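Below is one structure; the comments refer to it alone.
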Amino acid sequence: MAVLMHMLDMHHKDVLQMENATFMPPTLTSLMQSKDRQFQAALKKDKIRWDQRISKLILLPGKTWMKEVVKVYTPMIWADRHWVGFAINLRAGHVDVLDSLPSLYDEERVQRFLRPILQMLPYLIRYVAKNNSRDLSPFTCQRRTGTYENSR
């Protein structure tokens with residue numbers, strides 16, 4: 001999946017740059033998922049120390065969030081068996097979920113998968129990208145309907 005994201009990023013470089021967008025590897029969501037327990041337990045969530053690997057992804061030269069990039073496309077794996085795509089609008093604080101098999105998980109389970117991402121994104125923007133223009137309320141999300149459905 002990481003290779004696919006890199007190839008898409010290189011192939012669509014000009015379009016992505018015009019739209020202030022970028023592709024991110026699945027490392028982003030994976031590292032966020034691994035930080036969930038610590039994040040939920042923290043009393044002062046704005047004081048959490050983020051993994052250097054997350055910082056490096058967000059602060060890539062020419063791809064810094066909230067400066068050159070306001071839309072992030074990245075995959076996430078749910079329950080180690082199902083890949084979904086995210087279109088994250090950093091300014092609007094919204095995540096569109098592109099799910100090729102929406103019948104696999106009910107809405108309650110989907111919300112459990114998304115919770116860490118939706119809650120952490122504002123803190124990542126504030127702490128790593130050093131941007132205080134957005135409040136710390138969780139991002140909103142919507143599962144896009146009418147997309148390709150893969151029942152295999």
#### Entry: Lysine pair number, Cα distance threshold 19 Å (strictly under), the chain, separation 8 or more or different chains
18
### Query
Over the Cα atoms of the stretch 1-53, how large are the radius of gyration and the largest Cα-Cα distance (Dmax), in Å?
15.0, 43
### Summary
Treating only Lys and Arg (+1) and Asp and Glu (-1) as charged, each at its beta carbon, one finds that the chain has a dipole about its Cα centre, in Debye to the nearest 20, of 660
### Query
Kirkwood hydrodynamic radius for the chain: how many Å is it when counted over pairs of different Cα atoms?
15.9
### Query
Between Ile125, Asn150, Leu136, whose Cα lies farthest towards the positive end of the dipole of the stretch 103-152 when Lys and Arg beta carbons carry +1 and Asp and Glu beta carbons carry -1, centred on the Cα centre?
Ile125
### Summary
Whole-Å distance linking the alpha carbon centroid of the stretch 15-61 with that of the stretch 85-152 is 13
#### Entry: Karplus-derived HN-Hα couplings along the stretch 112-123 (A = 6.51, B = -1.76, C = 1.60, θ = phi - 60°), whole Hz, x at Gly and Pro
5, 5, 7, 3, x, 5, 4, 6, 7, 3, x, 6
## Note on the structure
Probe 1.4 Å, heavy atoms of protein chains only: per residue, the accessible area of the chain in Å² is 59
### Task
Would you tally the net charge around Ala87, using a Cβ to Cβ cut-off of less than 15 Å, leaving Ala87 out, and scoring K and R as +1, D and E as -1?
0
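Per the 1.4 Å probe, what fraction of the accessible area of the stretch 22-144, in percent, lies on carbon and sulfur atoms?
In the stretch 22-144, the share of accessible area belonging to carbon and sulfur is 50 percent.
Determine the percent antiparallel among the DSSP beta bridges restricted to the chain, to the nearest 5.
Values: 13 of 21 bridges.
If I count the DSSP bridges inside the chain, around 60 percent turn out antiparallel.
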### Query
Ranked from highest to lowest mean number of other Cβ atoms within 10 Å per residue, what is the order of the peptides 8-15, 70-77?
70-77, 8-15
### Summary
Long-range amide H partners of Ile48, meaning residues 5 or more apart or on another chain whose placed amide H is closer than 5 Å, are none
### Query
So what does the Cα-only Debye profile of the stretch 76-152 read at q = 0.13, 0.20, 0.24 Å⁻¹, as log10 I(q)/I(0), no solvent term?
-0.42, -0.87, -1.12
### Query
Under 5 Å between amide H atoms, partner at least 5 residues away or on a different chain: which partners does Trp78 have, H built in plane at 1.01 Å?
Trp83, Val84
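The values are calculated or read from the model by the stated rules, or taken from the named source; none is laboratory data. It should be emphasised that the depicted structure is a prediction, and the values quoted were computed from it without experimental measurement. Virtual Cβ from ideal backbone geometry, glycine too; neighbours counted across all protein chains shown. All accessible areas refer to the heavy atoms of the entire protein, side chains included, with ligands and DNA or RNA removed. Shrake-Rupley method; radii C 1.70, N 1.55, O 1.52, S 1.80 Å.
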